[in-house]
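Notes to accompany the following structure.
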Amino acid sequence: MPVSLGLSIGESFADFVAESTVKNIPPQRLFLARKGLGDGLKAYLGEHLELGGQILISTNLSQFAVQKRLGSQPTFLITAGFENWLKLSRPLADDRPQMYPTREPLPVSEDHIFGIAERVQADGTIETPVSEDDLQFLASKLELLKTRTVAVGLLHSTKNPAHELRIREILEPKGFRVFCSHEFAHDALSETDRWVKVLKAASVWSAVTDQKQVIETALGEHKDKWKIRYIAHPRYENVLFDSPGLETELGVASSLLAQYPKKTILHLDLEQFLWLQDGRVRQLRVQPTTPLQKSSWPFAVYSDTQVGYEPGPMAFGKSLQPTIFDILYLRQRLETIEAVTPLLNEKSKPRILEALFTMSKEIPSKTKIDANTVAADMETALLDRINEELLLTGKKPTEILLTGAFARSLHPRLESRRPDVRFILADDAEFAGTRANLSMGLKMGSKVGNA
């Protein structure tokens, strides 16, 4: 193909890495708050747009579409009598001890959960057939709700999916996109786990479909010359999919796992700090835009939340709350980062120092603790937190591959703290994940499925 384009799409940034038989195209990063994905894609391809080729995409839109309730509200159809089962069995939102623990929210409104009068026994035999009249009446009710997607989770449908399939046969001709839970049973641990998976798939469908439409619209009249494929976690039989779905939720982590199946990877990217080992992905407790906050003691600590890049860290000259990004900027730890360095506002440094001073002035000390001391302490705390994550891994690694936009900055500091571990900086670490898109797409080009 004339052009092979690796595209990694995050919440705030998109990375482009291309290979062309015609002309060299340097990698590029797009800040989506300044230029939309479609316009950025057209501008990057330029004269190569009409040549055609393939676009190999990793996106974690599925992940944050669920978290932020993007896309349309799905409807959930469940065996009558079990409408509250999901709510009662939700895991804790935070696994640490709390005085008043909370449950993870359902990925669907309770007003959009409907019971279906049917029953399949545990051995797959049908005890109560699904009523065709009830389904027709339900379809009219769903039209009033103006829902686009329907998730179906019926009891024991993995043993006999006949009722779920019948619901799809009746509803899809009426314009609904129907997801059946028996198709998500491959790694589900229980009935409720399977139902949550199908609900998430239905929740993100409209968001990921809209994102693909943006890409196709950007290709315009040359759309038919391009093959668009999405990279999923290597645990799936097919690594590449023609459409994005829940299988693609890990984003660029999927490409890295497939490209380096035997490596332990610390992915220190702009939007996520991830630990990848033995096919598993874990998000670190500290993230690039984790904000600082005052604790019950008069010391600054890291929060358990993220503020993202919109409006952005204080270093961009907008936000009022310092983050890990701001600490690294203040400590002059940031290497030149594509599309990010131009956003840094030198005038923001006094504001960041003032925010840190406010956090430090209540600290009891015989010697004055200034804002720069707080910044140094918070950098140490960041490295300690990352190091703690490495110590908590099941298998202690002797070698760790560093990837992501912050890899070059943190490489020597991590290395100095862990002489027992060899930290290897990936080639072109800033765009290593997106380059893995290209590599895996070219390797697995014959294994394509449908999400």
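The table below lists the values:
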| item | result |
| --- | --- |
| Checklist (1) closer than 17 Å to L392 by Cβ; (2) part of a strand (DSSP E or B) applied to V301, failing item | (1) |
| One residue from L270, L257 being in contact with a Lys or Arg (Cβ under 9 Å, 6 or more places away or on another chain) and in contact (Cβ under 8 Å) with a residue 60 or more places away in the chain | L270 |
| Subset tally (residues that are over 20 Å from K141 (Cβ atoms) and either among the acidic types (D, E) or at pLDDT 95 or above (or both)) for segment 95-118 | 2 |
| Extreme residue, most open to solvent (accessible area, probe 1.4 Å), among residues of segment 142-163 that are among the basic types (K, R) and over 19 Å from G81 (Cβ atoms) | K146 |
| Single residue of K263, K225, K212 found to be surrounded by fewer than 20 Cβ atoms within 10 Å (Cβ to Cβ), under 19 Å from R435 (Cα atoms) and in contact with a strand residue (DSSP E or B) (Cβ under 9 Å, 6 or more places away or on another chain) | K263 |
| Condition broken by A218, with the remaining ones in (1) in a loop (DSSP other than H, G, I, E, B); (2) out of contact with any Phe, Trp or Tyr (no Cβ under 7 Å at 6 or more places or on another chain); (3) in contact (Cβ under 8 Å) with a residue 60 or more places away in the chain satisfied | (1) |
| Subset of segment 234-244 [buried (at least 20 other Cβ atoms within 10 Å of the Cβ) and in a loop (DSSP other than H, G, I, E, B)] | V239, P244 |
| Residue that is nearest to L391 (Cα to Cα) [pool: residues in segment 279-315 that are surrounded by 14 or more Cβ atoms within 10 Å (Cβ to Cβ) and among the aromatic types (F, W, Y)] | Y302 |
| Among residues of segment 14-57, those that are within 16 Å of D428 (Cβ to Cβ) and surrounded by 15 or more Cβ atoms within 10 Å (Cβ to Cβ), counted | 9 |
| Condition broken by E247, with the remaining ones in (1) touching a strand residue (DSSP E or B) at 6+ places or on another chain (Cβ under 8 Å); (2) in a loop (DSSP other than H, G, I, E, B); (3) more than 17 Å from F13 (Cβ to Cβ) satisfied | (2) |
| Positions within segment 136-160 being over 27 Å from the mean Cα position of the chain (by Cα), hydroxyl-bearing (S, T, Y), under 15 Å from L77 (Cβ atoms) and assigned to a loop (DSSP other than H, G, I, E, B), in sequence order | S157 |
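Each row is one residue, and each column tells you yes or no for (1) over 26 Å from the mean Cα position of the chain (by Cα); (2) farther than 13 Å from A300 by Cα; (3) at pLDDT below 95.
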residue: E354; (1), (2), (3): yes, yes, yes
residue: A375; (1), (2), (3): yes, no, yes
residue: D384; (1), (2), (3): no, yes, yes
residue: N387; (1), (2), (3): no, yes, yes
residue: L390; (1), (2), (3): no, yes, yes
residue: T393; (1), (2), (3): no, yes, yes
residue: P397; (1), (2), (3): no, yes, yes
residue: A407; (1), (2), (3): no, yes, no
residue: H411; (1), (2), (3): no, yes, no
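The values are calculated or read from the model by the stated rules, or taken from the named source; none is laboratory data. Please read all numbers here as calculations on a predicted model, not as lab measurements. Don't worry about glycine lacking a Cβ; one is built from the backbone with ideal geometry, like all the others, and counts go over all protein chains shown. Quick note on the areas: whole protein, heavy atoms, side chains included, nothing else; ligands and nucleic acids left out. Shrake-Rupley method; radii C 1.70, N 1.55, O 1.52, S 1.80 Å.
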